[in-house]
Amino acid sequence: MLELVDLSHTYGSYRAIDRVNLKVAQGEVVCIVGPSGCGKSTLLRSIAGLIKPTGGNVLLDGRPVDGSPENLAVVFQDYSRSLYPWMSALANVGLPLRRRGLDKKRREAAAMAALEQVGLAGAAAKFPWEMSGGMQQRVSIARALAYQPKLLLMDEPFGSVDAQTREELEDLTLRVCAHHGMTILLITHDVDESVYVGDRVVVLSKAPGTVVGDLPVQLPGPRDQIHTRELDAFVRLRAEVGRLVRGMTPHRNGVETR
Amino acid sequence: MPKVNGASLLRGLIGTAGLLVVLEAAGRLGAWDTERLPLVSTVLLRAGELLADPEFLVSARSSLTTWALALLVTIAIAVPAGLLLGMVKPAEVAVRPLIEFLRPIPSVALIPLVILLYSETTHMRITVAVYAALWPVLINTIYGVRDIDPLAKETLRSFGFGPGSVAYRVVLPGAAPFIATGIRLAASVAIVLVVTSELIAGGIEGIGVYITIAASGNRLDLMIGATILVGLFGILVNALLVAGENRLFRWHRARAGAAT
Ligand SMILES: Nc1ncnc2c1ncn2[C@@H]1O[C@H](COP(=O)(O)OP(=O)(O)OP(=O)(O)O)[C@@H](O)[C@H]1O
Ligand SMILES: [Mg+2]
């Protein structure tokens with residue numbers, strides 16, 4: 001459904017991403033990993049139509065996108081800045097649902113259900129500035145999930161929560177997305193997370209970012225936080241992604257540097 | 001946003017009362033001719049009596065109406081203009097020199113010109129007051145719009161909202177605390193300019209006119225009494241607006257507090 005063709009972006013003379021090519025199928029969960037500053041957020045902002053890439057194209061269902069694509073939700077890396085301080089958590093989550101043509105009651109019910117899913121039912125009336133960073137992050141995840149977009153872009157969405165909440169949110173995201181047939185592009189710098197969450201892991205190089213690895217994740221059975229992470233296949237894949245992120249070529253027998 | 005707490009309010013009251021007592025004592029001890037310049041107690045008494053004086057009340061109502069209309073016109077012009085100039089950078093660049101030229105011109109200096117333009121005194125007074133009150137609202141609104149986090153706008157855009165929705169749902173509420181401060185400043189400025197235009201240009205009704213007439217009758221007690229009432233009205237309006245801001249924009253203070 002989503003296709004990036006030679007997508008490039010330069011800020012002034014600084015080249016942030018360089019000819020990124022990527023095809024994402026409907027319903028797929030693609031994780032993008034790469035070192036800090038390699039242009040991951042730039043890539044995501046280009047797809048969301050928030051910056052106009054200086055080169056290449058973003059295609060959605062085969063058509064080049066101009067502006068923000070329809071039916072899209074973004075969980076921003078700066079989640080706290082993307083929440084509205086004059087609105088309660090419930091109103092923040094409910095706001096985008098106006099695009100869905102729901103009346104106030106249905107909007108509030110859907111927003112409440114989403115807050116419950118991220119474990120914030122008790123904080124629905126709180127304002128963002130009355131919440132911890134992790135709570136704010138969960139509100140912004142709830143907002144995206146409640147919207148039920150066809151394409152969900154997430155920029156390091158689980159960075160500010162504790163390990164256990166993080167695992168719960170990973171599972172929740174996978175469950176909700178599978179249920180509604182959403183396609184997800186999830187950016188992370190956590191190699192473990194990328195292999196656990198993704199159907200595919202795409203590795204970007206150091207700046208200027210470009211695709212240096214595109215690994216399918218084939219793990220048997222449904223994902224499970226404990227068992228999946230113990231699997232040999234999981235461990236092998238994780239090591240391979242780790243090598244790619246560090247700028248080494250993957251090799252079955254030992255490690256070679258490029 | 002200024003916040004008045006109980007302790008500082010009490011101290012202010014004590015200070016004011018102390019000053020009044022000293023002035024009263026000085027007057028009684030013969031520091032000046034109380035036939036010409038009345039005692040503090042006389043003035044305060046007159047001020048109280050004025051509130052029940054039909055002649056004064058007609059003037060007060062006239063000034064109040066002029067002031068309220070001037071403030072409404074100011075808001076109706078300056079808020080939309082400020083939103084537009086804040087959101088559309090080229091427009092702001094284009095009119096900035098004009099604003100910088102017009103803003104320092106004292107509204108009072110325009111009174112002779114405005115008198116020639118209007119036959120109706122109320123319209124004249126409103127025009128003079130609006131000219132002065134416009135700037136704080138306009139400048140604050142532009143500043144408030146600028147202050148909005150670009151990511152807040154981008155978030156709504158990414159959910160597919162158009163520019164109109166972004167303006168209404170993010171820009172307007174985000175800039176509202178600044179707009180409110182501008183309106184509070186404008187309210188004070190408009191009081192000053194309404195009374196000033198009444199004093200300078202005259203007319204049939206208005207507190208400024210009342211003061212002029214009292215002066216021609218050498219009634220300093222009435223002049224000062226009426227002036228005090230204008231001052232008290234200014235304080236009251238300011239206090240009400242500050243209270244309103246503190247209530248409505250709790251989020252803004254909380255955020256500003258967190259940032260510093
Ligand atoms: N608006 C901008 N103007 C100029 N340079 C920018 C801008 N935004 C990002 N950059 C630069 O582009 C590069 C890539 O930034 P980007 O935010 O996409 O990285 P990232 O991979 O998301 O990093 P992180 O993992 O730290 O979030 C960085 O070197 C950054 O300094
Ligand atoms: Mg980033």
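Numbers for the structure displayed
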{"read-out": "Any chance B:THR181 is surrounded by fewer than 18 Cβ atoms within 10 Å (Cβ to Cβ) and β-branched (Val, Ile, Thr)", "value": "no"}
{"read-out": "Test for A:ALA89: is it among the hydrophobic types (A, V, I, L, M, F, W, C) and under 19 Å from B:HIS252 (Cα atoms)", "value": "yes"}
{"read-out": "The lone exception for A:TYR14 - which of (1) within 16 Å of ligand 2 (Cβ to nearest atom); (2) crowded, with 16+ Cβ neighbours inside 10 Å it fails", "value": "(2)"}
{"read-out": "Of all residues making up the range A:180-194, the number that are within 16 Å of ligand 1 (Cβ to nearest atom), within 9 Å of A:VAL29 (Cβ to Cβ) and out of contact with any Pro (no Cβ under 8 Å at 6 or more places or on another chain)", "value": "1"}
{"read-out": "Out of B:SER197, B:SER188, B:SER165, sole residue that is touching a helix residue (DSSP H, G or I) at 6+ places or on another chain (Cβ under 9 Å), part of a helix (DSSP H, G or I) and buried (at least 20 other Cβ atoms within 10 Å of the Cβ)", "value": "B:SER197"}
{"read-out": "Residue that is of a type in the set (S, T, N, Q), modelled with pLDDT of 90 or more and surrounded by fewer than 17 Cβ atoms within 10 Å (Cβ to Cβ), where the choices are A:SER132, A:SER82, A:SER88", "value": "A:SER132"}
{"read-out": "Top-ranked residue in the range A:53-68 [being more than 13 Å from chain B (Cβ to nearest Cβ) and touching a helix residue (DSSP H, G or I) at 6+ places or on another chain (Cβ under 8 Å); ranked as farthest from A:ARG15 (Cα to Cα)]", "value": "A:VAL58"}
{"read-out": "In the range A:20-52, residue farthest from the chain's Cα centre (by Cα) [restricted to those that are more than 14 Å from chain B (Cβ to nearest Cβ), crowded, with 19+ Cβ neighbours inside 10 Å and within 10 Å of ligand 2 (Cβ to nearest atom)]", "value": "A:CYS38"}
{"read-out": "Residues satisfying the stated conditions in the range A:60-79, i.e. touching a residue at least 12 places away in the same chain (Cβ under 8 Å) and within 16 Å of ligand 2 (Cβ to nearest atom)", "value": "A:VAL74, A:VAL75, A:PHE76, A:GLN77, A:TYR79"}
{"read-out": "Answer residue from the range A:145-163, given it is surrounded by fewer than 21 Cβ atoms within 10 Å (Cβ to Cβ) and within 14 Å of another protein chain (Cβ to nearest Cβ) and is nearest to ligand 1 (Cβ to nearest atom) among those", "value": "A:LYS150"}
{"read-out": "Residue identified as modelled with pLDDT under 95 and either touching a helix residue (DSSP H, G or I) at 6+ places or on another chain (Cβ under 7 Å) or of a type in the set (Val, Ile, Thr) (or both) among B:ARG250, B:ARG255, B:ARG219", "value": "B:ARG255"}
{"read-out": "The range B:127-153, subset away from chain A (no Cβ under 14 Å) and in contact with a Phe, Trp or Tyr (Cβ under 6 Å, 6 or more places away or on another chain), residue nearest to A:PHE76 (Cα to Cα)", "value": "B:TYR143"}
{"read-out": "From B:ARG46, B:ARG36, residue being basic (Lys, Arg), under 30 Å from B:GLY217 (Cβ atoms) and modelled with pLDDT of 90 or more", "value": "B:ARG46"}
{"read-out": "Scan of the range A:131-149 for residues that are touching an Asp or Glu at 6+ places or on another chain (Cβ under 8 Å) and among the charged types (D, E, K, R), ordered by number", "value": "none"}
{"read-out": "Residue in the range B:230-249 that is surrounded by 19 or more Cβ atoms within 10 Å (Cβ to Cβ), within 14 Å of another protein chain (Cβ to nearest Cβ) and in a loop (DSSP other than H, G, I, E, B) present", "value": "yes"}
{"read-out": "Qualifying positions in the range B:119-149 - in a helix (DSSP H, G or I) and polar (S, T, N, Q)", "value": "B:THR121, B:THR122, B:THR127, B:ASN140, B:THR141"}
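The values are calculated or read from the model by the stated rules, or taken from the named source; none is laboratory data. Nothing here was measured: the structure is a model prediction, and the numbers come from that model. Cβ atoms come from the backbone with ideal geometry, glycine included; neighbour counts cover every protein chain shown.
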